[in-house]
């Protein structure tokens with residue numbers, strides 16, 4: 001079970017942990033340290049402050065499956081954050 005699975009079941013997951021996990025995946029897939037996430041009309045720029053401008057894992061190629069999986073995770077994260085913001089109490 002991954003972090004998003006647990007968060008989707010309303011378990012509290014440290015947002016910083018989710019951020020760094022997502023930023024690491026994004027830097028692997030895109031080869032940089034910046035990722036923009038749009039929620040409604042607001043755009044967020046997620047930054048991995050611990051990386052330099054190189055891929056953190058040293059891998060220079062990404063498979064099609066990795067890109068597709070990343071898009072799935074990105075969409076799940078968007079839905080989760082939208083839900084958390086909408087239902088904030």
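Quick one: which of 66-73, 12-19 comes out on top by average Cβ neighbours within 10 Å, and what's the full order, highest first? Kindly include the intermediate steps, with their values, before the conclusion.
Working: 66-73: 13.4, 12-19: 11.8.
Per-residue Cβ counts within 10 Å, averaged per peptide and sorted highest first, yield 66-73, 12-19.
Would you kindly state how much longer the chain becomes between residue 62 and residue 13 on full extension, computed as 0.36 nm times their sequence separation minus their alpha carbon distance, in nm to one decimal?
Numbers: separation 49, 0.36 × 49 = 17.64 nm, distance 2.79 nm.
Extending this stretch completely gives an extra 14.9 nm.
Estimated from the Cβ-Cβ distance and a Förster radius of 30 angstrom, the FRET efficiency linking residue 69 and residue 20 is about 0.95.
Values quoted throughout were computed directly from the atomic coordinates according to the rules given, and no laboratory measurement underlies them. Values in this document were obtained by computation on a predicted structure and should not be read as measured data. When we count neighbours, we look across all protein chains shown, and the Cβ atoms used for this are built from the backbone with ideal geometry, even at glycine.
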